[in-house]
Amino acid sequence: MIKNVFSGSVDYVQILDETGNADQSLFPKELDDKTLVQMYKSMSFARAADAKAISLQRQGRLATYGPMVGEEATQVGSAFAMRPQDIFVPNFRQHGVFMARGYPLYKFYLSWKGYEEGGAQKDFKSTAVAVPVGTQMPHGVGVAFAQKYKKTGAVVVAYVGDGGTSEGDFYEAINFAGAMKVPLVSIIENNQWAISMPRSRQSAAETLAQKGIAAGIKCVQVDGNDVIGVYKVVSEAIKDASDMNPSLIECVTYRMGIHTTSDDPTKYRPDSDVEEWKKKDPISRMRAYLSKNGMWDDHLEERMVQDDAKAIDDAVAQADAFKPDPKSMFENVYSFVPDVLKDEEEKAIHSNFWQ
Ligand SMILES: Cc1ncc(C[n+]2csc(CCOP(=O)(O)OP(=O)(O)O)c2C)c(N)n1
Ligand SMILES: [Mg+2]
């Protein structure tokens, strides 16, 4: 006897299309005009602050940096869906989430200058930036398990790249989430590339979302350049996760820029691909939607660009003026400084290096 014991499917969601027209039947009712404008401003600000980070790096004023240009809707849409109590678990590219959740920009620049004081702080609901690919996922599911155990009501929203979904850490985390029913929303920021490795060579699966099927969790694919679609899908996932139903969301987006400041993508991808994706730009489609609906015009745009430039310049000046405390290198890693590091701490504090 042979009988089918399982079949699965994955829905794709898009609300705002490439030309800025919205599917009203899916439009989230709670998004009023003011919030929609804020979403647009938040994406624009993230793009401008991201571009500034690259220019600082090129001047030797910032360390290696991986820009997020092109991925604004995935990051801002999901950040707007999070509630204040929810905890965000980043990899290394979710700059727009940090900014949309109110992380001070000068601290953001400090962290990419390499100062400990700029890293995730105890009063900001996130874990630290994780550069080792995928390692944030077991942390995320662990933090989510703790929320369930302590009955805090918070949900954890963890991000992973398309490349990160090939790591064992990713599968272990989503499997644990399904088996233990923890409040975790996992977001795949599928920007089509893991450095020079294209999505097509990373997995034979038609979607990355379907990786969640084997973990027994809900999986959805969404147009990751549609800020409203991302907001809706993540909002629903957060609601489900509050009821201990974890899920996996694949945001289909594109890394329009370099992988990091030490990468040159012209060596491995044709410019024509980038040109194609520019037509799906998340910011211009939201601007088109707002303009069509009388919420935005050139005058407002001009004012926003000026305001953003000033806020960014102020943050850069504040970060440049910062004087680091050598003790900070020894904080926030262990709950107490182990003996082996005490010597080093003493030396660091009394070193001339900081004068
Ligand atoms: C465990 C591990 N292996 C390799 C690397 C080098 N590395 C840094 S980013 C990256 C690609 C990650 O691709 P993806 O998960 O799609 O995220 P993206 O950079 O596209 O945002 C690699 C291989 C690393 N940091 N950690
Ligand atoms: Mg990627």
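The values are calculated or read from the model by the stated rules, or taken from the named source; none is laboratory data. Computed from a predicted structure; not experimentally measured. Here the Cβ positions follow ideal geometry from the backbone for every residue, glycine too, while neighbour counts run over all protein chains shown.
Here's the yes/no breakdown for (1) within 16 Å of ligand 2 (Cβ to nearest atom); (2) among the small types (Gly, Ala, Ser):
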position: VAL89; (1), (2): no, no
position: GLN94; (1), (2): yes, no
position: ALA100; (1), (2): no, yes
position: PRO104; (1), (2): no, no
position: LEU110; (1), (2): no, no
position: LYS113; (1), (2): no, no
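Only one entry in PHE88, PHE98 is under 18 Å from VAL160 (Cα atoms), without any contact (Cβ under 8 Å) to a residue 60 or more places away in the chain, assigned by TED's automatic domain parsing to the domain that holds GLY224 and not in a loop (DSSP other than H, G, I, E, B), namely PHE98.
Residues satisfying the criterion are present in region 21-42 (criterion: touching a helix residue (DSSP H, G or I) at 6+ places or on another chain (Cβ under 8 Å), within 24 Å of VAL155 (Cα to Cα) and among the aromatic types (Phe, Trp, Tyr)). Residues in region 44-62 that are surrounded by fewer than 21 Cβ atoms within 10 Å (Cβ to Cβ) and not in a loop (DSSP other than H, G, I, E, B): SER44, ALA48, ALA51, LYS52, ILE54, SER55, LEU56, GLN57, ARG58.
For region 63-83, a residue qualifies if it is assigned to a loop (DSSP other than H, G, I, E, B), closer than 17 Å to VAL160 by Cα and of a type in the set (Val, Ile, Thr), and exactly one does: VAL69. Within region 148-163, if we keep just the residues that are under 13 Å from the mean Cα position of the chain (by Cα) and within 15 Å of ligand 1 (Cβ to nearest atom), the residue that is surrounded by the fewest Cβ atoms within 10 Å (Cβ to Cβ) turns out to be ASP162. Residues of region 171-224 that are without any contact (Cβ under 8 Å) to a residue 40 or more places away in the chain, within 15 Å of ligand 1 (Cβ to nearest atom) and in a helix (DSSP H, G or I): GLU172, ALA173, ARG199, SER200, ARG201. Can you tell me which residues in region 20-73 are more than 22 Å from GLU301 (Cα to Cα) and of a type in the set (Ser, Thr, Tyr)? Answer for region 20-73, where residues must be more than 22 Å from GLU301 (Cα to Cα) and of a type in the set (Ser, Thr, Tyr): SER25, SER55, THR64, TYR65. Under the condition of being near ligand 2 (Cβ under 8 Å from one of its atoms) and buried (at least 24 other Cβ atoms within 10 Å of the Cβ), which residue from region 173-195 is nearest to the chain's Cα centre (by Cα)? Filtering first and then ranking leaves GLU189.
When region 65-93 is limited to residues that are away from ligand 1 (no atom under 14 Å from the Cβ) and among the aromatic types (Phe, Trp, Tyr), the one that is nearest to VAL155 (Cα to Cα) turns out to be PHE88. PHE170: surrounded by 20 or more Cβ atoms within 10 Å (Cβ to Cβ), among the aromatic types (Phe, Trp, Tyr) and within 16 Å of ligand 2 (Cβ to nearest atom), yes or no? In short, yes.
State the number of residues belonging to region 222-243 that are crowded, with 24+ Cβ neighbours inside 10 Å and within 16 Å of VAL76 (Cα to Cα).
Kept after step one, since they are crowded, with 24+ Cβ neighbours inside 10 Å, are these residues of region 222-243: 222-231, 233-234, 237, 241.
Within this subset, residues satisfying the condition of being within 16 Å of VAL76 (Cα to Cα) are 222-231, 233-234, 237.
Count: 13.
Filtering region 335-345 to residues that are surrounded by fewer than 11 Cβ atoms within 10 Å (Cβ to Cβ) and part of a helix (DSSP H, G or I) leaves ASP339, VAL340, ASP343.
Screening ALA51 on (1) closer than 24 Å to GLY257 by Cα; (2) of a type in the set (A, V, I, L, M); (3) in contact (Cβ under 8 Å) with a residue 24 or more places away in the chain shows it passes everything except condition (3). For the criterion of being touching a Pro at 6+ places or on another chain (Cβ under 9 Å) and in contact (Cβ under 8 Å) with a residue 40 or more places away in the chain, ARG287 fails. Every listed requirement among (1) in a loop (DSSP other than H, G, I, E, B); (2) in the same structural domain as LYS292 (by TED's automatic domain parsing) is met by GLU18 save one, (2). So is VAL37 among the β-branched types (Val, Ile, Thr) and in a loop (DSSP other than H, G, I, E, B) or not? Criteria not met by VAL37. Among all positions in region 260-272, there is at least one residue which is away from ligand 2 (no atom under 16 Å from the Cβ), surrounded by fewer than 22 Cβ atoms within 10 Å (Cβ to Cβ), over 24 Å from GLN14 (Cβ atoms) and of a type in the set (Lys, Arg).
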